[in-house]
Amino acid sequence: MDKLIPKLQQLTQNLWWTWKPEVRTIFRDLDLNLYHKVHQNPMSLLKQIEPAELDQRAADVDIPARADRAMRQLHEYLTPVTTWGLTHAGAMRSRPVAYFCMEFGIHESLPIYSGGLGILAGDHLKSASDLGVPLVGVGLLYRQGYTSQLLDANLWQQDVVEPFDIADLPLVQAVDRHGEPVQVSVELPGRKVAASVMEVQVGRVRLILLDTRVKPNSPEDASLAARLYGGDQRMRIQQELLLGVGGARALRALGISASVFHLNEGHSAFALLERARYRIQEDGMDPHQALQEVASTSVFTTHTPVDAGHDRFPAELAAEHLMPLAEAMKLPLEEILGLGRVNPDDHGSPFLPTVLALKLSRRANGVSALHGVVSRKMWNHLWPGPVEAVPIGHVTNGVHLPTWLATEMNHLYEEHLGVAYQCSLTRPDMWTKIQDVSSAEIWETKQVLKARMMRFIRKRAADMRERLGLPEIIPAPLDPEALTIGFARRFVPYKRPDLLFSDLDRLDRLVNDPGRPVNLIFAGRAHPADNAGKGLIQKVVRITEDPRFRHRILFVENYNIHVGRVLYQGIDAWLNNPQRPLEACGTSGMKVVLNGGLHISVRDGWWAEAYDGENGFAIGTGEVHADQAIQDERDAEELFRVLEDEVVPMYYENRNSAGVPRCWVDQIKRSIRTLAWRFNADRMVQDYVEHLYLPAAIGSSCQMPPP
Ligand SMILES: *Cc1c(COP(=O)(O)O)cnc(C)c1O
């Protein structure tokens, strides 16, 4: 046994284990309760578990043999003979893509993410790793740790921060060619802020994280990167400078010569100025030529069609912070500020990192076909002329299948699509084999996952009720036989988590039909500063306390990767009813589809291009009324109609002698066959490589003229 701990510790050092279910279960099987208590962090688990307990458990569940196998698999993964990336992106091998993002959601044990943007970035890294695409992630290390959502007695969201030990993360100090630890610094008003460069291994991909808790920094600067999206505008612009400028400097200090900078959202836009500064100051390049070169080798992805979703820094704040860069770039400050203004000559107008990123990246994209259309319209004024000529394309998001897929579904796919099916996720012909799987097998698999989800949320709900002193629910909540629909995402008004509550009597008839009952499960957080979002949570939870709904509608606290995974895997159907076209893409529904659930959604984001009439359900036609109140009313009416006339009958009718709903399962098969190959992150990363990274790597200017 003495060699077991070092071996397990070694496994924790590459986050590869997070998307290998058979490796995840090694840690889980050591001590299930402790594993969840420590946020599924195996390093904490190995530290806290009693040695005698570890020996006993290890022997009981064959840990040594499983660990040996995992080590061999990891070694094979890290030393591939061939990969998609070697064949298709070999040109970038010595000069990888640098992928910048403010947050990375890779696993619940690494708390440097907040929501969808971070999860997408995590999935991007994992698929780049699986495909062998040369890519380095660049982000910030937030030390605040895990934040749990707990409701108080007023059903108001509290964000509880739990202390955690950064030593329990698989981080190592990044070193330069000579083995020396790398530190960078960034000029901020009146001082320089230092950051040490840490790194974490995500399969074959390195993720570099800047940490400001280092020696020469003042206490304020040391906590500059303590919290994601915390603080005021001043802190925000400083964090963004740290990420962009510091990140670009870190790459250089590590000897990484990136061929392409990919900015995932505008937060890292200052990286482009730093890129140009280096060429001007160190290589003596002409400033305007340097800006041209940076633009031709940079890719920018915008994520939000909501105006308030774009940072907007007051002119003075921007001027104060961009002065050192402007000087070093040998350009007038006004010219640099103009790059972030909608109208460069409009002195005093705010500075938008999104505008800077659009002007300094020749290739830009939205995250679904519809979002591409909306983004071109939104930024048309930057390129006066016909809207179709605005140089913003789209790459629709996708999800990393191994991260989100239930083990049981993986077995089903391995059996019917082939053991190596994960190597061909983007091939439509492979997925057609799902048609030949017996309906009973799909249905039974789903029932196993649903039972697991039910157990999990009942326990969560019981814990919450006990804490708040709420009465026990009698009869027990959530009839396991009932059609169960989920809604989990950030609580913000445009996502309309309360749309179904616009007519409580109709909702009562819908969920309490004795022959065709419906369960509804809600989960989601509001941003800590968003009282409107918190109000929506309160409203939803209050309604769940109505005696008519208590045993049918539940709110699950603390939505995060773990809670999400359980819901996506177990749910029968997933509800998405945002105000069109404000959901840029949305990805949770894709995770549900992979696990044999059906998507019920407004034709927005990915669903506008994915829905074909028979692979799920659509709410509304996609037309939008100018008056939002009228649109809300129409959508609510349509939502009820789709549930009453389409979803519920399909679930309960046409069952065979074994109780399998034939049409429902046919729909599941069709949904997997038509959607799985497109809406996964391998396809997304391949699209980025072929349409954006490779052309940018050679600096081709054929596609998009600069504004
Ligand atoms: C997938 C995911 C999201 C993003 O889902 P949307 O549909 O874009 O809201 C957010 N949070 C978690 C935990 C997720 O797993």
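Summary of values
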{"item": "Considering residues of region 59-85 that are under 30 Å from ILE698 (Cβ atoms) and at pLDDT below 95 only, the residue least open to solvent (accessible area, probe 1.4 Å)", "result": "PRO80"}
{"item": "Complete set of residues in region 467-498 that are in a helix (DSSP H, G or I) and either more than 24 Å from the chain's Cα centre (by Cα) or of a type in the set (Phe, Trp, Tyr) (or both)", "result": "ARG467, LEU468, TYR494"}
{"item": "Residue satisfying condition, being open to solvent by 20 Å² or more (accessible area, probe 1.4 Å) and of a type in the set (Val, Ile, Thr), within set ILE208, ILE166", "result": "ILE166"}
{"item": "Condition broken by LYS591, with the remaining ones in (1) near the ligand (Cβ under 9 Å from one of its atoms); (2) touching a Leu at 6+ places or on another chain (Cβ under 8 Å); (3) charged (D, E, K, R) satisfied", "result": "(2)"}
{"item": "GLY139 being within 19 Å of GLY115 (Cβ to Cβ) and open to solvent by less than 10 Å² (accessible area, probe 1.4 Å)", "result": "yes"}
{"item": "Condition met for THR87 (within 16 Å of the ligand (Cβ to nearest atom), on the phi < 0 side of the Ramachandran plot and assigned to a helix (DSSP H, G or I))", "result": "no"}
{"item": "Cβ pairs under 7 Å, 6+ apart, first in region 537-559 and touching a residue at least 12 places away in the same chain (Cβ under 8 Å), second hydroxyl-bearing (Ser, Thr, Tyr) and away from the ligand (no atom under 16 Å from the Cβ)", "result": "ARG550/THR544; ILE553/THR544; LEU554/THR544; PHE555/THR544"}
{"item": "Candidates VAL556, VAL518 - the one that is at pLDDT 95 or above, under 30 Å from the mean Cα position of the chain (by Cα) and farther than 20 Å from ALA153 by Cα", "result": "VAL518"}
{"item": "Condition check for PRO134: in the same structural domain as GLY244 (by TED's automatic domain parsing) and not acidic (Asp, Glu)", "result": "yes"}
{"item": "Failed item, numbered, when ASP627 is tested on (1) closer than 27 Å to VAL448 by Cα; (2) away from the ligand (no atom under 15 Å from the Cβ); (3) open to solvent by 20 Å² or more (accessible area, probe 1.4 Å)", "result": "(1)"}
{"item": "Some residue of region 217-232 being farther than 29 Å from PRO170 by Cα and open to solvent by 20 Å² or more (accessible area, probe 1.4 Å)", "result": "yes"}
{"item": "Total residues in region 650-673, condition under 22 Å from LEU483 (Cβ atoms) and within 26 Å of the chain's Cα centre (by Cα)", "result": "5"}
{"item": "Scope region 263-309; condition within 15 Å of MET329 (Cα to Cα), among the acidic types (Asp, Glu) and in contact with a helix residue (DSSP H, G or I) (Cβ under 9 Å, 6 or more places away or on another chain); matching residues", "result": "GLU274, ASP283, ASP286, GLU293"}
{"item": "Condition check for ASN615: surrounded by fewer than 24 Cβ atoms within 10 Å (Cβ to Cβ) and either within 16 Å of the ligand (Cβ to nearest atom) or touching a residue at least 60 places away in the same chain (Cβ under 8 Å) (or both)", "result": "yes"}
{"item": "Residue within region 563-575 that is within 11 Å of the ligand (Cβ to nearest atom), over 23 Å from LYS377 (Cα atoms) and small (Gly, Ala, Ser) present", "result": "yes"}
{"item": "Helices (runs of 4 or more DSSP H) lying entirely in region 349-407 (those with 2 or more residues that are outside the structural domain of ALA608 (by TED's automatic domain parsing) and over 26 Å from VAL294 (Cβ atoms))", "result": "369-378, 401-404"}
{"item": "Filter result (more than 10 Å from ALA488 (Cβ to Cβ), in contact with a Phe, Trp or Tyr (Cβ under 7 Å, 6 or more places away or on another chain) and either open to solvent by 10 Å² or more (accessible area, probe 1.4 Å) or charged (D, E, K, R) (or both)) within region 577-596", "result": "GLN579, LEU582, GLY586, LYS591"}
{"item": "Pairs with Cβ under 8 Å, 6+ apart, first in region 686-698 and open to solvent by less than 50 Å² (accessible area, probe 1.4 Å), second modelled with pLDDT of 95 or more and of a type in the set (Phe, Trp, Tyr)", "result": "GLN686/TRP84"}
{"item": "Test: ILE485 is under 22 Å from PRO514 (Cα atoms), surrounded by 15 or more Cβ atoms within 10 Å (Cβ to Cβ) and either in the same structural domain as VAL642 (by TED's automatic domain parsing) or within 16 Å of the ligand (Cβ to nearest atom) (or both)", "result": "yes"}
{"item": "Residues located in region 268-280, provided they are in contact with a Lys or Arg (Cβ under 8 Å, 6 or more places away or on another chain) and either of a type in the set (S, T, N, Q) or open to solvent by less than 20 Å² (accessible area, probe 1.4 Å) (or both)", "result": "GLU274, ILE280"}
{"item": "Test: LEU11 is under 20 Å from ILE106 (Cα atoms) and surrounded by 15 or more Cβ atoms within 10 Å (Cβ to Cβ)", "result": "yes"}
{"item": "Condition check for ASN512: under 28 Å from the mean Cα position of the chain (by Cα), without any contact (Cβ under 8 Å) to a residue 60 or more places away in the chain and either more than 24 Å from GLY118 (Cα to Cα) or more than 16 Å from the ligand (Cβ to nearest atom) (or both)", "result": "no"}
{"item": "Residue in region 125-133 that is assigned to a loop (DSSP other than H, G, I, E, B), closer than 26 Å to PRO21 by Cβ and touching a residue at least 60 places away in the same chain (Cβ under 8 Å) present", "result": "yes"}
{"item": "Among (1) in a helix (DSSP H, G or I); (2) open to solvent by less than 30 Å² (accessible area, probe 1.4 Å), the one test that PHE456 misses", "result": "(2)"}
{"item": "Residue pairs meeting the criteria (Cβ under 7 Å; at least 6 apart or on separate chains; first under 19 Å from GLN569 (Cα atoms), in region 409-438; second surrounded by 15 or more Cβ atoms within 10 Å (Cβ to Cβ) and of a type in the set (S, T, N, Q))", "result": "MET409/THR445; MET409/ASN595; LEU412/THR445; LEU425/ASN680"}
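Condition check ((1) assigned to a helix (DSSP H, G or I); (2) among the polar types (S, T, N, Q); (3) assigned by TED's automatic domain parsing to the domain that holds VAL245; (4) closer than 30 Å to GLY586 by Cα) across all residues:
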residue: HIS267; (1), (2), (3), (4): yes, no, yes, yes
residue: ARG275; (1), (2), (3), (4): yes, no, yes, no
residue: ALA290; (1), (2), (3), (4): yes, no, yes, no
residue: HIS303; (1), (2), (3), (4): no, no, yes, yes
residue: GLU335; (1), (2), (3), (4): yes, no, yes, no
residue: ASP345; (1), (2), (3), (4): no, no, yes, no
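The values are calculated or read from the model by the stated rules, or taken from the named source; none is laboratory data. Values in this document were obtained by computation on a predicted structure and should not be read as measured data. Note: ideal-geometry Cβ built from the backbone for every residue, glycine included; neighbour counts use all protein chains shown. Ligands, DNA and RNA are excluded from the accessible area calculation, which covers all protein heavy atoms including side chains. Shrake-Rupley method; radii C 1.70, N 1.55, O 1.52, S 1.80 Å.
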